[in-house]
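This report concerns only the one structure given below.
Each value in this text was obtained by applying a stated rule to the coordinates, not by laboratory testing. If you're wondering where the values come from, they're calculated on a predicted model, not measured in any experiment. Note that each Cβ is placed from the backbone with ideal geometry, even for glycine, and that neighbours are counted across all protein chains shown.
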Amino acid sequence: MLIKVDAGKCQGHGRCYALAPGLFDLDENGNALAKDGAVPPDQVELAEIAASNCPERAITLE
Ligand code: SF4
């Protein structure tokens with residue numbers, strides 16, 4: 001599983017980072033950046049929780 005954050009939709013709430021700090025970084029404006037690489041199996045559920053809690057629907061999982 002890979003995480004993608006649509007920078008055009010992200011509004012910098014930081015909710016994803018608060019829920020899954022191992023899967024996201026925040027830039028200097030507080031916008032989320034998905035960490036590179038596949039989501040570790042033990043963090044797949046967290047990735048799904050982060051995506052479903054993004055108020056902008058900016059996170060997609062592939
Ligand atoms: S929760 Fe959504 S809008 Fe907020 S920082 Fe994360 S990706 Fe961006």
Requested in this report: Measure nothing but the geometry: give the 0 to 90° angle between the long axis through the Cα atoms of 44-53 and the longest principal axis through the Cα atoms of the chain, rounded to 10°.
Outcome: 30
Report task. Which order do the peptides 29-35, 41-47 take when ranked by the mean count of other beta-carbon atoms within 10 Å per residue, highest first? Result -> 29-35, 41-47
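Based on Cβ point charges of +1 for Lys and Arg and -1 for Asp and Glu, what charge dipole magnitude is obtained for the chain about its Cα centre, in debye rounded to the nearest 20? Please list the in-between numbers first.
Working: 5 positive and 10 negative charges, 34 e Å.
Roughly 160 debye for the chain.
What number, in percent, do you get for the relative contact order of the chain if the mean sequence gap of Cα pairs under 8 Å and at least 6 apart is divided by its residue count?
Values: 101 pairs, mean separation 29.2, N = 62.
This gives 47 percent for the chain.
Plugging the Kirkwood radius over Cα pairs into Stokes-Einstein for the chain, at a temperature of 10 °C and a viscosity of 1.306 mPa s, what D comes out in µm²/s? Walk me through the numbers before you get to the answer.
Details: Rh = 11.1 Å.
Taking Rh from Cα pairs, D becomes 142 µm²/s.
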